[in-house]
Each structure stands twice: as C-alpha cells, then as structure tokens.
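**Q** Sharing a structure below in structure tokens format, with a few things to ask.
The values are calculated or read from the model by the stated rules, or taken from the named source; none is laboratory data. Bear in mind that the values here come from a model prediction, so they are computed numbers and not experimental data. When we count neighbours, we look across all protein chains shown, and the Cβ atoms used for this are built from the backbone with ideal geometry, even at glycine.
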Amino acid sequence: MVGQYKLYYFDSRGRGETARLLFHAAGQEFEDVRFSHEQWPEYKPQSPTGKAPWLEALVDSTADFFRDATNETRPYLRALAGNAEGDKDALYKEKFLPALEKTFPYIEQALKKSGSGFIAPSGLTWVDLFIAEAFASLFNLVPDFLPALEKTFPYIEQVLKKSGSGFIAPSGLTWVDLFIAEAFASLFNLVPDVATKYPFAAEYQKRVQGHPKIKDYVATRKQTLN
C-alpha cells in the first residue's frame, strides 16, 4: 500500500532518482516525499542518524545549485571558445557575472556552515571534487573532464556489446543501468556535445529510460538539470 515505503529527497533528480526508478521498475508503490533546499531544516530532524542518506541529500542540493549556476555561464563560455555566436561582452555581463555573483556566496555559506573546510561536515565528498574541477576548468577554460570520459565511455560501450542485451547485464535491466542512465542524462544536460561524440551513450540512455517498467514515470517526471 502507499505509505509502506517513503523516500525523502529534494525536488530534483540527484541521487534520489535512482531509488525512485528502482521503485517504479519493481512495481512497488511508495510515497515520494520531496522538499526544497529551504525546507531541509524541517526534514533533517526526521533522519534517524542525521547523516547519510539525509546528509547526501543536502550535499546533492549544493551540487544541483552549482550545476544550475554553471549551466547559466555556458552561453558566454561557448561564445568565448568560438563554438557559438553572440556578443561576448553582453553575455559576460548578462550571463557570466550574475551566475558567479550568485554561486560563490552560496558555496561560501555552505562551507561556513559545514565547519570542515568542505561542503559536508563529515569531510571530502564527490561534490567537493566536482566543484574543484569545475573551478579549475572555469579559470583555465579547459574541459578537464574529457580525459576521464575518453577512458570511461569506451569501457561502458564494450560492456554493452559483450552483454548482448542492450543493458549492462546479459539478463536485462538492472539498477546499474538506472544509475548510469541518470548520470548520462545529467552529463548530457550540462555538456550536450558529449551525446554527439558518443552516440552509443545517448542511445543507451534512451533505451534504459524507455524501458516499459519506467517509461511512463520518466515521461511525466519533473524535468531538472540534474
């Protein structure tokens, strides 16, 4: 019955989305409790431990905010790199600077509240690595993540070919496919050119999200950057 399982997460995809997809794939009814970043203090006391996965949700909200903000800088960066047309000075003033003015104070406050020197009170997480890499790329205007993609994507492509099922496992759809497809979706939202460079990945993502067990949910869910 509804209410037997409750999933608490921010009103975005993030790490909570794989769990949502698993419930739908299993045909298991559950209560999808969503809340905004501003509502987090109201929900945090309900966590049995006050830590993960609730802590992970808080960390992910910072990542979601950062991704949204960096996405706003994309028109300027693409024009600066010569990959898109546009008035560079106008884009700098209208897109780039406002995004930085919004993002940097937000991250500064998150670090102050944490007290650990990182985003999470417990210390270093994947979000710190993501933000640090993004800062390095931003300041150098170099896509530092490309070497990692060039190593990872061919490996995944080979696994899919060996499987023969169109999914990671020969038996068909598993939670691993749900996780990878969600990661691909976020990556393609942030850097659309990756989907063009690796068409197998785009096809795989569509195959997973078009699976009969989850396609209705995917088609009607709230669309977020991550």
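**Q** Could you check the stretch 19-34 and list, in sequence order, the residues that are surrounded by 15 or more Cβ atoms within 10 Å (Cβ to Cβ) and either more than 18 Å from the chain's Cα centre (by Cα) or at pLDDT below 85 (or both)?
**A** Within the stretch 19-34, ALA19, PHE23, HIS24, ALA25, PHE30, ASP32 meet the criteria.
**Q** Right, another one. With respect to ALA57, determine if the residue is under 17 Å from the mean Cα position of the chain (by Cα), under 25 Å from VAL194 (Cα atoms), assigned to a helix (DSSP H, G or I) and at pLDDT below 70.
**A** no
**Q** Restricting the search to the stretch 6-42, which residues are among the acidic types (Asp, Glu) and in contact (Cβ under 8 Å) with a residue 40 or more places away in the chain?
**A** ASP11, GLU17
**Q** A further question follows. So is GLU182 over 17 Å from THR18 (Cα atoms) and touching a residue at least 24 places away in the same chain (Cβ under 8 Å) or not? Before the answer, list the steps.
**A** Details: over 17 Å from THR18 (Cα atoms): no; touching a residue at least 24 places away in the same chain (Cβ under 8 Å): yes.
Judged against the criteria, GLU182 is not a match.
**Q** Would you point out which residue out of ALA201, ALA195, ALA185 is hydrophobic (A, V, I, L, M, F, W, C) and closer than 17 Å to TYR155 by Cβ?
**A** Working: ALA195 fails: closer than 17 Å to TYR155 by Cβ; ALA185 fails: closer than 17 Å to TYR155 by Cβ.
Result of the check over ALA201, ALA195, ALA185: ALA201.
**Q** Considering only residues that are at pLDDT 65 or above and aromatic (Phe, Trp, Tyr), look in the stretch 66-109 and name the one that is surrounded by the most Cβ atoms within 10 Å (Cβ to Cβ).
**A** Applying the filter and picking the extreme gives TYR76.
**Q** If you take the residues in the stretch 180-214 that are modelled with pLDDT of 95 or more and of a type in the set (Lys, Arg), which one is nearest to the chain's Cα centre (by Cα)?
**A** Per the stated criteria, the residue is LYS206.
**Q** Looking at the structure I just gave you, is TYR43 surrounded by 15 or more Cβ atoms within 10 Å (Cβ to Cβ), touching a Gly at 6+ places or on another chain (Cβ under 8 Å) and at pLDDT 75 or above?
**A** So TYR43 fails the test.
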